[in-house]
Amino acid sequence: MNALERPRAPWWVPAEPPAPPRAAQLADELLRRCRGEGPANCVNRCPLAVDARGYVQLTAQGRFAEALQLVREKLPFPGVLGYVCAHPCELHCKRIDEDSAVRIRDIKRFLAEREVGEPHHILDREPDRGEAVAVVGAGPAGLLAAHDLRRHGYHVVVFEKETTIGGCLTHKIPSWRLPRAVVERDLSVVAALGIEVRTGVEVGRDTTLASLRQEFAAVLLLPGFAGAHRLLSLVDGERPPAHGRLLAADPATCATSWPGVFAGGDAVSGPATVIAALALGRRAAASAHHFLSGAAAGPEAPVVPQPLLWRLEIDEAERRRRERTPVMLQPFTPPLAEAQAVEEAARCLDCACGLCVKDCEFLSAHCRSPKELARQVKAGVGNALKMVYSCNICSLCAEVCPVDLDTGAMLLAARQEAVRQGIGPLPQHKPIVSYYRAGVGTAFTLAMSEPGRQRSKRLFFTGCSLPAVSPRNTLVVYDELRRNYPGTGVLMFCCGAPAELIGMEAAFDQTCRAILAHAEGLGAEELIAACPDCAHTLKAGLAGLKVTTVWERLAGKWAPPALRAGERVAIHDSCKAHHEPATHEAVRALLRGAGATIEDVEYAREKARCCGAGGMIYPVDPQLSQRITQRRADESALPMVTYCAGCRSALASRGKEAIHILDFLLSTGDVQAVARRKPTGSIARYANRLRTKWAFRRLQPTAAR
């Protein structure tokens, strides 16, 4: 025993392994639930994962040859399956919500039969591996397994006791259900790939299983249901693992108790549909390939179908009523004509998502699907720092996502992980860190009760931006607050958003504790925030305090002079106020009270787009930040009213006519002239914050004025 080891008590329980970082957990959730890369329900439910959505869409566009080749990428027998597939792809087609499923199988049949001349089989394969594999059985399962292994670069020999290949396709299914010409055309891929077929050879009679095991690197037993019983009865002295009349094999890997011997198809499952037999043949081939190539992982296709990403709106009873039941015991129906096929394909709802990518400049610049970003986070944030720090963290992706996934939350957690690893924040964030530290330092902060009082039930939380751009407006707002809500004090302090957004979790927590200590010291139970970003951040970080906005508190109580009669404006809602309908309504009420006419932009209220400055992305990717700002500015030709001083500065930086709500309500100047003012410079912002602080300190009690 090592000197440092100690005997373990009998009640010792091993410690739970540490939980993965939160960023990795959120990445896993996104990979599991995001619809960005599908699959659509039709693809999800196809045992061979044929891209039904893709080939149906191509058919709708009249691109028939491309559509057929897309089928062949996963299914080398499109004609056969066009006739006899049980079409599980159609069972949860989203079109059922409206009327009935798209006739996916019939479209596949149309594509296969429309092809003229020699079939354009996909024949490319990996380099020769120098190993041979035996496949027992030339039915659907055996032929697909042989096909897959040949394309992996193995020499494949198929053993079939009949004189022709095809199994049930040629010997069981009648020609009035499946034309022989269709079978022959599809199965010509076997010879085209160079797969060796030995017909009239029965294992157990003409050759032994032991000899196959010696001659070949792997053996696949895929003889079909009847073939399994015959194989078990013929093989003497080396009986294959059996379960009743079936071969016994692991359902996940198709492996038998003999190394290098795999079994699948009807020989293991019992009688099944053609598509199910094909899937088991593919699984056996994948397992054999993993075994021979030394890969640790098993087959890629899961044994149990994965949860559907697209839920139907109708209940199960109604779905079953609308379901097109597969009919196998009747003659095949006439094929779709070209116009019919295109019309039927056009019914497809094209269940690909991409809504967040379409609406977000950051996502469209960095990925085709958020799943790509999740994989990068899983691989390690150190290799993707620019991407991780280029998101506005505005949560628009969650607002438009059908399943409420927030890519920004994952990237915020990734930033926190970067800081824990000592690789974040980035050098470009140095000015932001300095700005944040000033916002919590003694020079630029102030905590005071209302003049003339010892304690204050509520505090006007100014944040950093409003005092930095307009000391006058800050004082006007405070004057109205203490007039309508006597006993309101002041807290000039940074809410901690800059630190939080660049991943400085510990600094953010410290800021929250400091704010809470100031509030408790003054007896405050509520913070009234001037900035929607501050309100959002404070609500998330301070569960013990009530947080509202200035606009909610003053709407209906404050009547600023009606200086804006006839003015038409758009509103830029803050992305941090997505879930604050009371704030949205309060802002609009104040503007209407001033006489303004409001025209909402498309991305308003809960779908508001970021101004481009959110997430502290400007130092990391200024070009992206500017594109985001410009996209927002272009949503309306009217001047945009903001209720966040930072948003106003961002929009104005791109030349957009933008005006803060307080300037709109209180300024006597022309709206357009005020809206065209350049943003306040950095030195002036620091000076204005000091002026605001000194002005607060000089205030007198209301009664003394």
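A Förster radius of 22 Å combined with the Cβ-Cβ distance from residue 565 to residue 599 puts the calculated FRET efficiency at roughly 0.85. Put a dot 7 Å past the Cα of residue 25, heading toward its Cβ, do the same for residue 210, and the two dots end up 5.7 nm apart.
For the listed peptides 147-156, 55-64, a ranking on the average number of other beta carbons within 10 Å per residue, highest first, reads 147-156, 55-64. Taking the centroid of alpha carbons for each part, segment 401-462 and segment 161-193 are 69 Å apart.
Ranked by the mean number of other Cβ atoms within 10 Å per residue, highest first, peptides 68-76, 421-429 order as 68-76, 421-429. Applying 1/(1 + (r/R0)^6) with R0 = 56 Å to the Cβ-Cβ distance of residue 455 and residue 37 gives a FRET efficiency near 0.50.
Calculate, for residue 320 and residue 676, the FRET efficiency according to 1/(1 + (r/R0)^6) with r their C-beta to C-beta distance and R0 60 Å; round to the nearest 0.05. Between residue 320 and residue 676 the formula returns 0.40. For the Cα trace of the chain, dividing Rg by the Kirkwood Rh returns an Rg/Rh value of 1.13. Database remark: amide H of residue 135 closer than 5 angstrom to the amide H of 157, 158, 159, 220 (H placed geometrically; neighbours at sequence offset of 5 or more, or on other chains; Pro and chain starts carry no H). In the assembled protein chains, residue 590 presents an accessible area of approximately 10 Å² (probe radius 1.4 Å). Ordered from highest to lowest accessible area with the whole protein assembly present and a 1.4 Å probe, 258, 551 read as 258, 551. Less than 5 angstrom separates the built amide H of residue 547 from those of 527, all sequence-distant by 5 or more or on a different chain. Given axes a ≥ b ≥ c from the Cα gyration tensor, I'd like to know whether segment 66-203 is rounded (a/c under 1.5), prolate (a/b larger than b/c) or oblate. Prolate shape, in that a/c is at least 1.5 and a/b is the bigger ratio. Shape class of segment 212-285 from the Cα gyration tensor (axes a ≥ b ≥ c, square roots of the eigenvalues): oblate, since a/c reaches 1.5 or more and a/b does not exceed b/c.
Ordered from largest to smallest accessible area (heavy atoms of protein chains, 1.4 Å probe), the residues 430, 557 come out as 430, 557. Counting only alpha carbon atoms, the long axis of helix 407-420 and the longest principal axis of the chain meet at about 80°. Entry note, the chain: relative contact order of 12 percent, from Cα contacts under 8 Å with a spacing of 6+ residues. Ordering 44-52, 681-689 by mean Cβ neighbour count within 10 Å, with the highest value first, yields 44-52, 681-689.
The string of couplings for segment 631-648 from the Karplus curve (6.51, -1.76, 1.60, θ = phi - 60°) is 4, 5, 4, 6, 6, 8, 7, 7, x, 9, 8, 10, 10, 10, 4, x, 5, 4 Hz, one whole number per residue in order, with x for Gly and Pro.
When Rg and the Kirkwood Rh are both derived from Cα coordinates, the Rg/Rh ratio for segment 128-218 amounts to 0.99.
Measuring between their Cα centroids, segment 491-523 and segment 638-696 lie 25 Å from each other. Can you tell me what percent of all Cα-Cα pairs in segment 566-654 are more than 23 Å apart? Tail of P(r) above 23 Å: 20 percent of Cα pairs. Note that segment 577-684 presents 39 Å² accessible area per residue, ligands and nucleic acids not counted, probe 1.4 Å. Place a label point 7 angstrom from the Cα of residue 398 along the Cα-to-Cβ direction, then list the residues of segment 525-541 whose backbone nitrogen is under 18 Å away. The answer is 532-541. Using the alpha carbons alone, the radius of gyration of segment 252-369 stands to its Kirkwood radius in an Rg to Rh ratio of 1.08. Taking Cα centroids, how far is segment 549-593 from segment 48-74 in Å? Each part reduced to its Cα centre gives a spacing of 52 Å. These residues, 588, 95, 53, 483, go from largest to smallest accessible area, 1.4 Å probe, as 483, 53, 95, 588. Under the criterion of Cα pairs below 8 Å and six or more residues apart, the relative contact order for segment 502-591 equals 27 percent. To the nearest 10, the accessible area of residue 291 is 100 Å² with a 1.4 Å probe.
Among 329, 431, 370, whose Cα lies farthest out toward the positive end of the dipole of segment 305-434, if unit charges sit on the beta carbon of Lys, Arg (+1) and Asp, Glu (-1)? The residue sitting farthest along the positive end of the dipole is 431.
To the nearest 10, the accessible area of residue 579 is 130 Å² with a 1.4 Å probe. Within the shell defined by Cβ-Cβ distances under 15 Å, the residues around residue 375 carry a net charge of +1, with Lys and Arg each +1 and Asp and Glu each -1.
Across all Cα atoms of segment 602-705, the radius of gyration (one decimal) and Dmax (whole number) stand at 16.3, 52 Å.
The values are calculated or read from the model by the stated rules, or taken from the named source; none is laboratory data. Just so it is clear, the model here is predicted, and its values are computed rather than measured. For neighbour counting, all protein chains shown are included, and Cβ atoms are generated from backbone atoms with ideal geometry for every residue, glycine included. Only protein heavy atoms, including side chains, enter the accessible area calculation; ligands, DNA and RNA are left aside. Shrake-Rupley method; radii C 1.70, N 1.55, O 1.52, S 1.80 Å.
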